[in-house]
Amino acid sequence: MKNDLKKNLYYNMLRIRMIEEKIAALYSEQEMRCPVHLSIGQEAPAVGVCAHLSKNDIVMSAHRAHAHYLAKGGSLKAMIAELYGKETGCAMGKGGSMHLVDLKAGFYAAVPIVGSTIPIATGVAWGFKMKKQDNIAAVFLGDGATEEGVFFESLDFAALKHIPILFVCENNFYSVYTQLKKRQSNKRNIKKIVQANGIESYSSYGNDVLKVYFLAKKSIKKIKKNKKPIFLEFKTYRWLEHCGPNWDDHLNYRPKGELKIWLDRCPLKKLKNKIITNSNKLKNINSLEKKINKEIAQAFNFAKTAQFPKKNIIEKYIYSN
Ligand SMILES: Cc1ncc(C[n+]2csc(CCOP(=O)(O)OP(=O)(O)O)c2C)c(N)n1
Ligand SMILES: [Mg+2]
C-alpha cells in the first residue's frame, strides 16, 4: 500500500484532531457561545469515508459535525467564524457549531435534531437519481439516531426506490450519558436490522482508518454503479464529554477502565506508528503539525477579528436570493 495514502489519511485526521483541541483549549474564554460536540477519538470514519466522495457528492451530519464538515472540504475559516457567531461564519454567525453548512464543498448541512438529516439526505440522493446525475449522498448518524423512527422510514424508502445513499453510523456506544446496552436489547444487531430492511449492510472497526477507507471505497463504488443504498456501521468512541470541551470520566456513566481501553485505540496513534519508520519521517510529521498550526492560527484570527452579524442578516439573505 502506498505510503502517500497513509500519510494523507493521517494528515486529515491530525488536522481535525488539532482543530478540535484548539476549540477545546479556547472554549473557556467564552467567546464561542454555542454548544460544541467534539469528535476527538472518532476522526477515522469521517476521513476514511469522505476520501472517496467527489465535490458533487454531498454529505449531511448532525450535532457532532466538525469532522464531517472538515473531511468533506468545508472552509475552516468559515467554521471557526461560525463558532464565534460572526457574520463571516458559514451560517452567517446565526447557527453555531451544530448548524454547519458549506454548499460549495458539498456539505449540505448539519442539523442537531437527532435523525433529522437522514430523510433529507435520502431525498437529496433521490433527486440525484431522478436527474440522472451520477452523485451520491452520505449521511453520518450516531447510534442514538438509529433509535428514531425516521431512520427506518428513510431505510425503507431508500431500499424501495433504489436510492444512491451511503448511511454511515458512527456507533460510539453512547447517546449522551446512556450506554447502548442500557437502551437496547443485546439481541438488537443494527447491521441485521438494516439488512432486514433490504439494504446491503456492513459493520467494521471504526478506529482503523485504513479499514474504514477500504470498506468505504468498495461501498461507494457499488452505490454509484448499482444505484442502491448501503449502510456502514463503524464502532468508535468519544473521549470527551457529550457536549463541551472537558473530560468526564469522573461522572461514572462509563464503566471503569473503558475510556483507557479506547484511548489506547487512538486512530491517530495506530497510523502514526505505521508511517514512522525512521527519524527522517518523524521530521516530516513535525512539519505536518507546523503547517496545521499555522492554518489554525489564521482561522482563529479570521474569526476573532470579524464583525458580528448585522440585524436582519438572514431576512436580507433570503430576500436577495
Ligand atoms: C429528536 C431529538 N431527541 C433528543 C435530542 C437530544 N440529543 C442531542 S444529541 C443526543 C445523543 C445522540 O446520540 P448519537 O446519535 O449516538 O450521537 P453521539 O452524540 O453519540 O455522536 C440527544 C439525545 C435531540 N437533539 N433531538
Ligand atoms: Mg452515540
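If each residue's Cβ is checked for other Cβ atoms within 10 Å, how do 250, 52, 162 rank with the fewest at the top?
Working: 250 6, 52 19, 162 12.
Going from sparsest to densest Cβ surroundings: 250, 162, 52.
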Practice item. Quick one: Debye curve from the alpha-carbon atoms of the range 183-266 only, equal weights, vacuum; give me log10 I(q)/I(0) at q = 0.22, 0.24, 0.26 Å⁻¹ to two decimals. Key: -1.09, -1.15, -1.21
Review point. Using a cut-off of 17 Å between alpha-carbon atoms, which aspartates and glutamates can reach residue 191, once sequence neighbours fewer than 8 places away in the same chain are excluded?
Key: 143, 147, 148, 153, 156, 170, 200, 233
Review point. Considering amide H positions built from the backbone, and no H for Pro or chain starts, which residues 5 or more places from residue 201, or on another chain, come under 5 Å of its amide H?
Key: 231
Review point. Along the three principal axes, how long is the range 176-319 when you take its alpha carbons, biggest first, rounded to the nearest angstrom?
Key: 57, 52, 45
Review point. Taking a quarter of the surface of the Cα convex hull of the range 35-172, what do you get in nm²?
Key: 7.7
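Report the net charge of residues surrounding residue 138, where surrounding means a beta-carbon distance below 11 angstrom and charges are Lys +1, Arg +1, Asp -1, Glu -1.
Working: positive: 72; negative: 57.
Taking every other residue near residue 138 into account, the sum is 0.
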Point to revise | Sparse-neighbour loop sites [trypsin sites (Lys or Arg not before Pro); the range 1-97; at most 16 other C-beta within 10 Å; DSSP] | key: 2, 33, 55, 94
Review point. What relative contact order, as a whole-number percentage, does the chain give when Cα pairs under 8 Å and 6 or more residues apart are counted?
Key: 23
Check your understanding: Dipole size in debye (nearest 20) for the range 1-58 around its Cα centre, Lys and Arg Cβ +1, Asp and Glu Cβ -1?
Key -> 260
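Lysine pairs in the range 57-165 with Cα distance under 12 Å, only those 8 or more apart or on different chains: how many are there? Don't skip to the end; give the middle numbers.
On the way: 72/104; 77/86; 86/94; 129/161.
Lysine pairs meeting the criterion: 4.
List the trypsin sites (Lys or Arg not before Pro) within the range 181-245 that fall in a DSSP loop (any state other than H, G, I, E or B) and whose Cβ has at most 10 other Cβ atoms within 10 Å. All intermediate terms of the calculation are to be shown ahead of the outcome.
On the way: sites: 181, 182, 183, 187, 188, 191, 192, 211, 217, 218, 221, 222, 224, 225, 227, 235, 238; in loops: 187, 188, 227, 238.
Passing both the DSSP loop test and the Cβ count: 187.
Determine one quarter of the surface area of the Cα convex hull of the range 117-177, which equals its mean projected area, and express it in nm² to one decimal.
Values: hull surface 15.8 nm².
It is 3.9 nm².
Starting from the Kirkwood Rh over alpha-carbon pairs, what translational D in µm² s⁻¹ does the chain have by Stokes-Einstein at 20 °C and 1.002 mPa s? Let's see the in-between values first.
Numbers: Rh = 20.2 Å.
Estimated diffusion coefficient is 106 µm²/s.
Rounded to the nearest 5, what % of DSSP beta bridges with both residues in the range 140-273 are antiparallel? Display every interim value, and only then the final one.
Working: 2 of 17 bridges.
In the range 140-273, DSSP labels about 10 percent of beta bridges as antiparallel.
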Exercise for review: Counting only C-alpha contacts under 8 Å and six or more residues apart, can you give the relative contact order of the range 175-292 as a whole percent?
Suggested key: 25
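If the only charges are +1 at each Lys and Arg Cβ and -1 at each Asp and Glu Cβ, what is the size of the charge dipole of the range 177-310 around the Cα centre, to the nearest 20 debye? Present the calculation step by step, with values, prior to reporting the outcome.
Details: 33 positive and 10 negative charges, 150 e Å.
About 720 debye.
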**Study point:** Which of 185, 97 has the fewest Cβ neighbours within 10 Å, and the rest in rising order
**Key:** 185, 97
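Each reported figure results from applying straightforward, stated rules to the coordinates on display, with no laboratory input. Just so you know, these numbers come straight off a predicted model, no measurement behind them. Note that each Cβ is placed from the backbone with ideal geometry, even for glycine, and that neighbours are counted across all protein chains shown.
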